[in-house]
Amino acid sequence: MKIIHDKDTSPTQQLHASIMSFWITQVIGTVARLGIADLLAGGARDSDSLAAELGVHPGALFRLMRGGVTAGILEAVSERTFALTPVGEGLRSNVPGSLRELAIIQTDKSHWLPWGLLSEAVRTGRSTTQAALGSDIWGHFARHPDEAEHFAQAMGNLSGLVASELTHHIDFAPFARVADIGGSQGDLLAQVLRAHPSCRGILFDLPRVAEGAKTALESRGLASRVDVVAGSFFEPGMPAADAYLLKHILHDWDDDASITLLRQLHAAAPSGARLFVVEFVIPDNRTPDASHLMDLNMLVVADGRERTRDEFQALLDATSWKVERIIPTRSGTSIIEATKA
C-alpha cells in the first residue's frame, strides 16, 4: 500500500490509501508504545533480539517492523534487521521535537475510541467521549493516570515546537510576572523564563496537574522562579499577572465556556495586562488546512472547536479583551495578543 499520493496513482488508489491510513497510525503508535525507536537509537538491530528484550512474540514483532518500513519510520537493512529513518527518529524519547507521546496518546483509548464514533458526533454536534469512554475526556484521564501522563507529556512536547516562535515574536522582558493558564507541566513557561531571566512565572492548573508540575519545574531548576497555583479557570481565583499565556486552551471548549474562562481571567488581571492566546486560526473554509482536521478532533474529543480570526475576535470582544494583533508562526499556530480593556 502506498501512503504517499503522487501523479502515478489513480484516484481510486489514492482513496484506498487514505481509507487504510489508520493502519499506519496504529503501526506508528505501537512502535512508539513499545519503545522500539529508543532501542534502535544506537543502530540497526534484528527483530528477534528486540522481541526477546521486549518480551513480545518474535514473528509478530518482525511483521510490525516490516509494516514500519511501509510507514516510513523504519528501514530494512537486511532480511530481519531494521534501523530508524530520519522520520522514525522523532519517535525516540527525550529528543528535541519528539512526537513519541503524541503517537501513543492518539492511538490510545482516550482519542482512538471517540474518533470511531465520528458519524455520531456529526449527527448530534456533540463530543462522543461519554459514549466511548463513559465520561468526558478529563474524567477519563482522572481514572487512567497512565494515559493522562502520556497526554501531559505530548502537550509538553508540542509546547516545545511553539515556544521558540513565541519567544521570537514576543519580548516578555517588560513583564515581571508571566502566568501560564492551564500550563500543565510548565514546558512553555519554562522556555519563556529561560529566554527572559528577569521574569517570574506563575503556573495555574487543576490540583492534580499542579502537583506534578512542581516536580517538573524542580527538575528544570526553575522551582524558585515559579509559583504553582491550583484551581479552575471557570471559577474566581486566577492569579494576578502582567502577562498571561493561553496555549491550546480555548479550543478545548465551546463558546459559552470560553467566554466564562476569559471573563474570569479578565477579572483577575490588573489594568493593562497582556494576554497571549496561542491557537490554530482557521484561514478560511475552502483551502485545505490541518486546522480543519484539528477542528473535527476537538468536536469528537472535547466539545471544543478551532476558530477563525473573526470568531476569536468575537470571543475577546465579548469579554473586554482588546485584540492588538494576530501573528502567524511557522509552527502552524498563531499568537493572538490582547490587552485588558
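The values are calculated or read from the model by the stated rules, or taken from the named source; none is laboratory data. Being a predicted model, the structure only gives us computed values, none of them experimental. Because the Cβ atoms are built from the backbone with ideal geometry, glycine has one as well, and the counts that use them run over all protein chains shown. The accessibility values were calculated without ligands, DNA or RNA, using every heavy atom of the protein model including side chains. Shrake-Rupley method; radii C 1.70, N 1.55, O 1.52, S 1.80 Å.
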With DNA, RNA and ligands ignored, accessible area of Asp317 (1.4 Å probe; Å², nearest 10): 90 Å²
So, with a 1.4 angstrom probe, what is the percent of accessible area on segment 1-100 that is carbon and sulfur? 59 percent
Report the calculated FRET efficiency for Arg325 and Ala83 (r = Cβ-Cβ distance, R0 = 41 Å), to the nearest 0.05. 0.35
Need the full-extension length gain, Ser219 to Leu15, defined as separation in residues times 0.36 nm minus the C-alpha distance. One decimal, nm. 68.7 nm
In percent, what relative contact order does segment 115-258 have, based on Cα pairs under 8 Å that are 6 or more apart in sequence? 20 percent
List every residue whose amide H lies under 5 Å from the amide H of Arg307, counting only residues 5 or more places away in sequence or on a different chain, with H placed 1.01 Å from N in the peptide plane. Ile282
Here are some pairs, Lys247/Lys322; Lys247/Lys340; Lys214/Lys322; which of them have Cα atoms lying more than 22 Å apart in this structure? Lys214/Lys322
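Using a 1.4 Å probe over the heavy atoms of the protein chains, calculate the carbon and sulfur portion of the accessible area of segment 188-295 as a whole percent.
Exposed carbon and sulfur together represent 52 percent of the surface.
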Mind listing the phi-derived Karplus ³J(HN,Hα) values for segment 90-95, rounded to whole Hz, using 6.51, -1.76 and 1.60 with θ = phi - 60°, and x for any glycine or proline? x, 8, 6, 7, 6, 10
Roughly how tilted is helix 290-302, in degrees to the nearest 10 and between 0 and 90, from the longest Cα axis of the chain? 80 degrees
Relative contact order (%) - the chain, alpha-carbon pairs under 8 angstrom, separation at least six: 12 percent
0 to 90° range, to nearest 10: angle between helix 255-268 axis and the chain longest Cα axis: 50 degrees
Assign unit charges at the C-beta atoms only (+1 for Lys and Arg, -1 for Asp and Glu), then state the dipole size of segment 175-254 relative to its Cα centre in Debye, rounded to the nearest 20. 380 debye
Residue-wise, which Karplus ³J(HN,Hα) couplings in Hz belong to segment 173-185, taking 6.51 cos²θ - 1.76 cosθ + 1.60, θ = phi - 60°, and x for glycine or proline? 3, x, 9, 5, 10, 10, 10, 9, 8, x, x, 6, 8
Residue-wise, which Karplus ³J(HN,Hα) couplings in Hz belong to segment 201-208, taking 6.51 cos²θ - 1.76 cosθ + 1.60, θ = phi - 60°, and x for glycine or proline? x, 10, 10, 10, 7, 4, x, 5
If I model a spin label as a point 7 Å beyond the Cα along the Cα-Cβ vector, how far apart are those points for Leu293 and Arg126 in nm? 2.8 nm
Sum up the charges of everything whose Cβ sits under 13 Å from the Cβ of Ala302, counting Lys and Arg as +1 and Asp and Glu as -1, but leave Ala302 out. -4
So, over other residues within a Cβ distance under 13 Å of Ser198, counting Lys, Arg +1 and Asp, Glu -1, the net charge is +2
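Rounded, prolate or oblate: which fits segment 1-141, taking a ≥ b ≥ c as square roots of the Cα gyration tensor eigenvalues, rounded meaning a/c under 1.5, else prolate when a/b beats b/c? Walk me through the numbers on the way to the answer.
Details: a/c = 2.25, a/b = 1.40, b/c = 1.61.
Oblate, because a/c is 1.5 or more while a/b does not exceed b/c.
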Tell me the per residue accessible area of the chain using a 1.4 Å probe; a whole number in Å² is fine. 48 Å²
Testing the spin-label approximation: label points 7 Å from Cα along Cα→Cβ at Glu211 and His144. State their distance in nm. 2.1 nm
What whole-number distance in Å separates the alpha-carbon centres of segment 55-133 and segment 285-333? 27 Å
Under 13 Å Cα to Cα from Lys109, which aspartates and glutamates show up? Leave out anything in the same chain fewer than 8 places away. Asp136, Asp146, Glu147
Could you give the nm distance between label points at His169 and Gln313, where each point is 7 Å from its Cα heading toward the beta carbon? 1.7 nm
Just one of (i) 60, 43, 36; (ii) 67, 47, 40; (iii) 54, 54, 41 is Cα extents along the principal axes in Å as worked out from the coordinates here. Which one is it? (ii)
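Calculated from DSSP H runs of 4 or more alone, at -39500 (n - 2.57) each and per residue, what is the 222 nm mean residue ellipticity of the chain, nearest 500? Intermediate results must be reported in sequence, preceding the final value.
Details: 16 runs with 166 residues, N = 341.
Taken over the chain, the calculation gives -14500 deg cm²/dmol.
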